[in-house]
1. Pull up the stretch 11-47, narrow it to residues that are of a type in the set (A, V, I, L, M) and modelled with pLDDT under 95, then point me to the one that is farthest from residue 84 (Cα to Cα).
2. Output the number of residues of the stretch 94-128 satisfying the condition of being of a type in the set (A, V, I, L, M, F, W, C) and over 15 Å from the mean Cα position of the chain (by Cα).
3. Can you tell me which residue is farthest from residue 64 (Cα to Cα) among those in the stretch 104-132 that are surrounded by fewer than 17 Cβ atoms within 10 Å (Cβ to Cβ) and among the hydroxyl-bearing types (Ser, Thr, Tyr)?
4. Counting only residues that are within 20 Å of residue 71 (Cβ to Cβ) and among the basic types (Lys, Arg), how many does the stretch 1-52 have?
5. So which strands (runs of 3 or more DSSP E) stay within the stretch 68-140 end to end and still have 3 or more residues that are closer than 20 Å to residue 7 by Cβ?
6. Take residue 57 and decide whether it is of a type outside the set (Phe, Trp, Tyr), under 25 Å from residue 25 (Cβ atoms) and surrounded by 13 or more Cβ atoms within 10 Å (Cβ to Cβ).
7. Considering only residues that are within 23 Å of residue 45 (Cα to Cα) and touching a residue at least 24 places away in the same chain (Cβ under 8 Å), look in the stretch 11-23 and name the one that is surrounded by the fewest Cβ atoms within 10 Å (Cβ to Cβ).
8. For the stretch 55-64, check the following and say yes or no: at least one residue is modelled with pLDDT of 95 or more and farther than 18 Å from residue 12 by Cβ.
Amino acid sequence: MSNVDAAYEVAERGTAYFFKGPHYWITRGFQMQGPPRTIYDFGFPRHVQRIDAAVYLKKPQKTLFFVGDEYYSYDERKRKMDKDYPKNTEEEFSGVSGQIDAAVELNGHIYFFSGPKTYKYDTEKEDVVSVVKSSSWIGC
């Protein structure tokens, strides 16, 4: 599998999800779990053709899916999309701007990658605490 649009892991289940276009694949370890599935299984509306980024938040057991300038919240326990979504990313995540290309949760922060910038978002303060060049993650 190459050129994925988005991916996320639910470590406590030992599963990773990979998205490309309107399809996704599930892996456990290095084993593919069946054939490709459709993203509409998650409850996305039909106009969504691809996922730009995804991040699993361990504490609330939610996965956030970013599509254009909006995001959806998926409840991993109930295995269904939360109501009242999508929401505007910039309105809900104060200080974050631009389309989200990738995201990761680490030590109580969500790191949003958007073009040349990475936003470090504090989930308790509900605000960006720093902005760095995305290339700084790989020592460039």
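The values are calculated or read from the model by the stated rules, or taken from the named source; none is laboratory data. Here the structure is a predicted model, which is why all the values come from computation and not from measurement. Quick reminder, even Gly has a Cβ in these numbers, built from the backbone with ideal geometry, and neighbours come from all protein chains shown.
1. The first filter runs over the stretch 11-47 and keeps only residues of a type in the set (A, V, I, L, M), leaving 11, 16, 26, 32, 39.
With the extra rule that they be modelled with pLDDT under 95, the set shrinks to 11, 32.
Details: 11: 27, 32: 32 Å.
Across the stretch 11-47, the extreme among qualifying residues is 32.
2. If we filter the stretch 94-128 for residues that are of a type in the set (A, V, I, L, M, F, W, C), which is where we start, we get 96, 100, 102-104, 106, 110, 112-113, 128.
Still in the running and over 15 Å from the mean Cα position of the chain (by Cα): 128.
The qualifying residues number 1.
3. Selected residue: 130.
4. 3
5. Because the criterion is at least 3 residues that are closer than 20 Å to residue 7 by Cβ, the strands (runs of 3 or more DSSP E) in the stretch 68-140 that meet it are 70-75, 102-106, 109-114, 117-122.
6. Details: of a type outside the set (Phe, Trp, Tyr): yes; under 25 Å from residue 25 (Cβ atoms): yes; surrounded by 13 or more Cβ atoms within 10 Å (Cβ to Cβ): yes.
Considered against the rule, which asks whether it is of a type outside the set (Phe, Trp, Tyr), under 25 Å from residue 25 (Cβ atoms) and surrounded by 13 or more Cβ atoms within 10 Å (Cβ to Cβ), residue 57 comes out as yes.
7. Of the residues in the stretch 11-23, the ones within 23 Å of residue 45 (Cα to Cα) are 16-23.
Of the ones still in play, those that are also touching a residue at least 24 places away in the same chain (Cβ under 8 Å) are 17, 19-22.
Details: 17: 22, 19: 21, 20: 18, 21: 13, 22: 17.
Filtering the stretch 11-23 for residues that are within 23 Å of residue 45 (Cα to Cα) and touching a residue at least 24 places away in the same chain (Cβ under 8 Å), the one surrounded by the fewest Cβ atoms within 10 Å (Cβ to Cβ) comes out as 21.
8. no
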